[in-house]
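Just below is one structure, and these are the notes that go with it.
The values are calculated or read from the model by the stated rules, or taken from the named source; none is laboratory data. Predicted model only: the values in this text are computed from it and were never measured. Don't worry about glycine lacking a Cβ; one is built from the backbone with ideal geometry, like all the others, and counts go over all protein chains shown.
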Amino acid sequence: MAFLTPALEDYLEGILILKEEKGIVRVKDLAHLLKVKASSVTESLKKLKELELIDQEKYGYIELTQAGINIAKEIREKHAVLKNFLVNLLGVNEETAEKDACSMEHYLSDETLNKLINFLNSFASEKEGTALGEKLKKLSLLNLGMKGIVRKITAVGVLKRRLLDMGFVRGEEIEVINVAPLGDPIEVLIKGSQVSLRKDEAEKILVEVIP
């Protein structure tokens, strides 16, 4: 993304947000979201179109290309991780964290992002572990044949989204149907489908065991 300025990255992220919220993206909505003039939006969209990151017919709706979608999601991912770090670890208030994350997301390297995600995952897992008590257990600790209800995902970022996409959402029932000798991988039945998880993935899923 070295060819993109922070402002253009904001436009891509804004287009993605509006597309998911409204289904369509118009110049006036984008201007309102980013708090800029419509003329500024038009000029920036022209640059994004030249970079083949958006499609837009004259005066028409704005659509991200696949390349644009990929970059916009990466930017949003950085924003989410940074805000999580600022709010949950540093205790920054929501409003300030939102503004700071918007500024920081443009300069965070992939290496730093990955290390930050790993740190947040470790922190969340450790924090949750102290409050588990007897009611909740990590999925990785369940034995063959045990059943449970998914209550929480302690992962953040890409891993959390992947687990949710696999069906591990709050309230879903799971059953352990196979466990490798060393506990890695573990296979579970969820929503009628067999899913295989690595041990480090299963540790991020907290379940309420069904007697």
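Overview of values
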item	result
Matching residues, segment 164-177, being over 18 Å from the mean Cα position of the chain (by Cα) and modelled with pLDDT under 90	Gly171
Filter result for Val195 (in contact with an Asp or Glu (Cβ under 9 Å, 6 or more places away or on another chain), modelled with pLDDT under 85, under 30 Å from Asn114 (Cα atoms) and of a type outside the set (Phe, Trp, Tyr))	no
Filtered residues of segment 53-90 (kept if among the small types (Gly, Ala, Ser) and modelled with pLDDT of 90 or more)	Ala67, Gly68, Ala72
Out of Glu13, Glu74, Glu43, sole residue that is more than 20 Å from Val158 (Cα to Cα) and not assigned by TED's automatic domain parsing to the domain that holds Ala155	Glu43
